[in-house]
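Let me begin by presenting the structure, written as structure tokens, before commenting on it.
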Amino acid sequence: MPRGFGMQLAAAAALVCLSAGSAFAQANAKKKSYTLHGKIEAVKESEKKVSVKHDKIEGYMGAMTMDYKVADDAMLKKLKPGDEITATLYEDDYTLYDIRPTQIDDRVKPPAKGK
């Protein structure tokens with residue numbers, strides 16, 4: 001094997017990965033996006049999926065519990081059953097993107113009477 005061939009091969013592999021990621025992003029850019037609001041029922045880390053009980057997604061699907069792939073591996077590790085989330089979903093792509101925890105601050109209480 002000629003010297004430097006390994007570096008060329010690694011560079012070519014990196015280019016293929018970047019091209020595939022770019023093509024995927026462009027494909028989703030052409031699809032209609034929807035906002036999903038729901039609650040994590042289960043995290044299936046080995047499958048890179050979560051089971052989400054979600055509200056109706058206007059113009060796309062009714063309320064249901066369904067498994068979705070998670071685009072961000074780091075986020076998958078942070079999610080746990082009971083978490084309420086908001087995420088982006090693209091038409092005909094059952095993968096959750098831009099997952100954001102819905103924060104409910106139960107420490108905020110109405111002011112006491114007389115104050």
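The values are calculated or read from the model by the stated rules, or taken from the named source; none is laboratory data. From a predicted model like this one, the values you see are computed outputs, not experimental measurements. Virtual Cβ from ideal backbone geometry, glycine too; neighbours counted across all protein chains shown.
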> From the list LYS31, LYS80, LYS69, LYS53, which one is of a type outside the set (A, V, I, L, M, F, W, C) and within 12 Å of the chain's Cα centre (by Cα)?
Replying inline: LYS69
> Given the stretch 1-114, what strands (runs of 3 or more DSSP E) lie entirely inside it while holding 2 or more residues that are modelled with pLDDT of 95 or more and either surrounded by fewer than 10 Cβ atoms within 10 Å (Cβ to Cβ) or among the basic types (Lys, Arg) (or both)?
Replying inline: 33-44, 49-54
